[in-house]
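**Student:** Below are the structure tokens for one structure; questions will follow.
Bear in mind these aren't lab numbers, they're just calculated from the coordinates by the rules spelled out. All figures in this text were calculated on a predicted structure; none of them were measured in a lab. Cβ atoms come from the backbone with ideal geometry, glycine included; neighbour counts cover every protein chain shown.
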Amino acid sequence: MPKAADRFAETLEILKRAWTEDRFAYEGRFYSFHNVHLVPKPYQKPFPELRIAVNSPDTFAAVGELGYPIFVAVRIGTLSELAPNIEAYRAAYSAAGHPGTGKVFLRLPLYIADSYQRAHGEGEESIMHFYRWLGGQLQASATAAGARAIEQRAERGQRLQSLTYEQALRDKVVLGTPRQATDRLCALRDELGLDGILAEINCGSLIPHGNVMHALRLLCHEVMPAFH
């Protein structure tokens, strides 16, 4: 864990060079490459838009300073906690002199059905399975050698494992009819200044395939048009 940030920085540099140079060599602390030729090159020039996932408060400002778009989520925290972190990202982005305001994309569990009662019932087992699994992973990682903020990770893991369904619906998930989902997503877009939303329709992977496909059809036909 203490080396994660430096490994990430090297990986990012390697990706950019592989995409933009015909052949390249790289000698770093963690990775070494010689006479690498990547084909095919990206269609987008110089390379596809890079979006970096951020979680801890310090990474919002750090990535803003670098000038990259970001993915945000509510795996551990809550939707209400995102606004100040996004403000810190955009302040650092602007202070570093990057053009625009910095793009923010929200990834969150979303489930839609024909009625709120159906969405509520069909989503519960899968959503709660995911957050309890995640809580267990956090607790386990807190004991790993070199883990940062051990006590905080353990506490967050315990909190996720004791999370109630109603707390998840209030703080982490968008669920309901197409109209209810549209209203909530529009509110989040306006509150946080979002540039895009990534919907996890089967968070936890336990919702039956037919129900997932129906939710996807509702999303595409009745929710997405509000965002075009």
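**Student:** Arranged from highest to lowest average of other beta-carbon atoms within 10 Å per residue, in what order do the peptides 124-134, 184-194, 16-26 appear?
**Tutor:** Working: 124-134: 18.2, 184-194: 15.6, 16-26: 14.1.
Per-residue Cβ counts within 10 Å, averaged per peptide and sorted highest first, yield 124-134, 184-194, 16-26.
**Student:** Another question about this same structure. Provide Rg and Dmax in Å for segment 1-89, with only Cα atoms included in the calculation.
**Tutor:** Rg and Dmax of segment 1-89, Cα atoms, are 15.8, 48 Å.
**Student:** Nearest 10 degrees, 0 to 90: what angle lies between the long axis of helix 209-218 and the longest principal axis of the chain (Cα atoms)?
**Tutor:** 90 degrees
**Student:** How about residue 3: which lysines have a C-alpha closer than 22 Å to its C-alpha, ignoring those fewer than 8 places off in the same chain?
**Tutor:** In chain and number order, the partners are 16.
**Student:** A further question follows. Direction-averaged shadow area of the convex hull around the Cα atoms of segment 42-84, nm²? Before the final figure, lay out each step's value.
**Tutor:** Values: hull surface 14.8 nm².
Its average projected convex-hull area is 3.7 nm².
**Student:** Convert 10 °C to kelvin, take the viscosity as 1.306 mPa s, use the Kirkwood radius over C-alpha pairs of segment 109-228 as Rh, and evaluate the Stokes-Einstein diffusion coefficient in µm²/s, rounded to a whole number.
**Tutor:** 103 µm²/s
**Student:** Based on a Kirkwood Rh over C-alpha pairs, give the Stokes-Einstein translational diffusion coefficient of segment 1-48 at 20 °C and viscosity 1.002 mPa s in µm²/s. Write out the running numbers ahead of the final one.
**Tutor:** Values: Rh = 11.5 Å.
Result for D is 187 µm²/s.
**Student:** When the Kirkwood radius is taken over all Cα pairs of segment 49-137, what Stokes-Einstein diffusion coefficient follows at 20 °C and 1.002 mPa s, in µm²/s? Each step should come with its number before you reach the end.
**Tutor:** Working: Rh = 14.7 Å.
So the translational diffusion coefficient is about 146 µm²/s.
**Student:** Using only Cα atoms, find the angle between the long axis of helix 116-142 and the longest principal axis of the chain, and express it within 0 to 90 degrees, rounded to the nearest 10.
**Tutor:** 40 degrees
**Student:** Return one number: the angle in degrees, 0 to 90 and rounded to the nearest 10, between the long axis of the Cα atoms of helix 82-95 and the longest principal axis of the Cα atoms of the chain.
**Tutor:** 30 degrees
**Student:** Moving to a separate point now. Only one of the values [x] 1.09; [y] 1.15; [z] 1.04 was calculated from this structure for Cα Rg over 2.2 N^0.38 Å; name its label.
**Tutor:** Only one listed value fits the structure, namely [y].
**Student:** Still on this structure, I have one more. Please figure out what share of the DSSP beta bridges in the chain is antiparallel and state it in percent, rounded to the nearest 5. Please report the intermediate quantities before stating the final value.
**Tutor:** On the way: 3 of 17 bridges.
Within the chain, antiparallel bridges account for around 20 percent of the total.
**Student:** Right, something else. Summing Lys, Arg as +1 and Asp, Glu as -1, what charge do residues with Cβ under 13 Å from the Cβ of residue 48 carry, residue 48 excluded? Could you put the intermediate results ahead of the total?
**Tutor:** Values: positive: 16, 41, 45, 51; negative: 49.
That sum, taken over residues with Cβ under 13 Å, equals +3.
**Student:** Subtracting the Cα-Cα distance from 0.36 nm times the residue separation, let me have the gained length for residue 115 to residue 44 in nm, one decimal. Could the numbers behind the result be given before it?
**Tutor:** Details: separation 71, 0.36 × 71 = 25.56 nm, distance 4.15 nm.
Answer, rounded to one decimal: 21.4 nm.
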